[in-house]
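A.B. asks: This is the structure, below, for whatever I ask next.
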Amino acid sequence: MKRWLFWLPLIVFAVLMAVAGSRLLVPPETVVKSALVGKPLPDFALPPIVPGKPGVTRADFATGKPRLLNVFASWCVPCIAEAPQLLKLKAAGARIDAIAIRDTPQAVAAFLQRNGDPYMRIGDDPQSRVQISIGSSGVPETFVIDGQGRIAAQHIGDIREEDVPKLLQALEDAR
Amino acid sequence: MSLLLALSLAAGTPADLGYSQIPDPAREAQAAALMAELRCLVCQGQSIHDSDVDMAADMRRIVRQKIAAGDTPQSVRAWLVERYGSYVTYDPPFSLATAPLWLAPLLLLAAGLWLARGTLKRRRRA
């Protein structure tokens, strides 16, 4: 038997350990990205959830101007945390629509009164039907929709202060 | 809760497919088999068949509604993979990324046979 063959199992073992060990050092990816980024926003039509604010439909996008589509819920704690950032985005000129997941009119109205209202439209998605159809897996998530109605980018989790310029840039790029 | 259920049954409203079966047992069996291999996106170690979170029920409702409407399990799975990638299924399709997973056992078995063959030959000669 050739001499190097004697060491082969040890080498294979060392390589496997190195691969496993290096993966242990990388924090695991816990978010599920939408596979629809770069593709057209699927067709949908959601009724309004609060009085005085229209619902959201596919036709509201693809109007030539990029928009943000925020997936949120009044029962979601990180959504409270990102509310001030959404107001900053609105103040900077971003047009923001929203989808309320498994929510009620009273709860959404109270949420907006308490945390501010950055939204032009809010659609009622009581059974996450539209949320799932756009590949969103939780709240909050924010989609950048370009002027042609294509999903240009997806932000998963609450928007932090440092994400505001990134999202404004993404809106600029999606023009 | 039971009163609510009784009321909805009395009113003849269709049952919520997120939490109840499709009336047609053959279709329900198809849906159940598919739901057992779809990943719950919130509780990522569980299938939507096993999980009790709201999001899993929302996914089950979509799966059952589509299958009750005559869609095949393959097309429903493809619909979800189109949105979440093959991560959403516990039975990922054969692709460049999953190829080592399927091929490594065969390669290792072949290597083992080759090693064993060499050893056996030498023993016979000795």
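A.B. asks: Using θ = phi - 60° and the Karplus form 6.51 cos²θ - 1.76 cosθ + 1.60, what ³J(HN,Hα) does each residue of the stretch B:18-25 get, whole Hz, x for Gly and Pro?
C.D. replies: Working through the residues one at a time gives x, 10, 9, 7, 5, x, 6, x Hz.
A.B. asks: Kindly point out which whole DSSP H helices in chain A project their C-alpha atoms 27 angstrom or further along the helix axis while averaging a Kyte-Doolittle hydropathy of -0.5 or above.
C.D. replies: Those that pass (Cα extent of 27 Å or more, hydropathy at least -0.5) are A:3-25.
A.B. asks: Say R0 is 25 Å: what FRET efficiency, to the nearest 0.05, do A:D43 and B:Q74 get from their beta-carbon distance? Show your work: numbers first, answer last.
C.D. replies: On the way: r = 22 Å, r/R0 = 0.89.
The pair A:D43/B:Q74 has a calculated efficiency of 0.65.
A.B. asks: If you find the alpha carbon centre of the stretch B:95-126 and of the stretch B:18-42, how far apart are they in angstrom?
C.D. replies: Each part reduced to its Cα centre gives a spacing of 40 Å.
A.B. asks: Follow-up. On a 0 to 90° scale, report how tilted helix B:73-84 is relative to the longest principal axis of chain B, with both axes built from alpha carbons and the result rounded to the nearest 10.
C.D. replies: 90
A.B. asks: Of A:G138, A:G116, A:F61, which is farthest on the positive side of the dipole of the stretch A:42-175, counting Cα position, with +1 on Lys and Arg Cβ, -1 on Asp and Glu Cβ, and the Cα centre as origin?
C.D. replies: Checking the options against the dipole of the stretch A:42-175, the answer is A:F61.
A.B. asks: Tell me the label-point distance for the pair A:A91, B:R124, using the 7 Å Cα-to-Cβ offset, in nm and rounded to one decimal.
C.D. replies: Placing both labels 7 Å along Cα→Cβ, they lie 8.5 nm apart.
A.B. asks: Mind listing the phi-derived Karplus ³J(HN,Hα) values for the stretch B:37-43, rounded to whole Hz, using 6.51, -1.76 and 1.60 with θ = phi - 60°, and x for any glycine or proline?
C.D. replies: Couplings: 10, 10, 7, 6, 7, 8, 9 Hz.
A.B. asks: How big is the C-alpha Rg of chain B next to the rule-of-thumb value 2.2 N^0.38 Å, as a ratio?
C.D. replies: 1.66
A.B. asks: Can you return the lysines within cross-link range of A:K65? Criterion is Cα-Cα under 27 Å, with same-chain partners fewer than 8 residues away left out.
C.D. replies: Leaving aside lysines fewer than 8 places away in the same chain, those within reach of A:K65 are A:K33, A:K39, A:K53, A:K88, A:K90, A:K166.
A.B. asks: What does the charge count near B:C40 come to, summing +1 for each Lys or Arg and -1 for each Asp or Glu among other residues with Cβ under 13 Å from its Cβ?
C.D. replies: Value of the local net charge: -3.
No value in this document is a laboratory result; all are computed from the given coordinates. None of these values were measured; they are calculated from a predicted model. Positions of Cβ are generated from backbone atoms using ideal geometry, with glycine treated the same way; all protein chains shown enter the neighbour counts.
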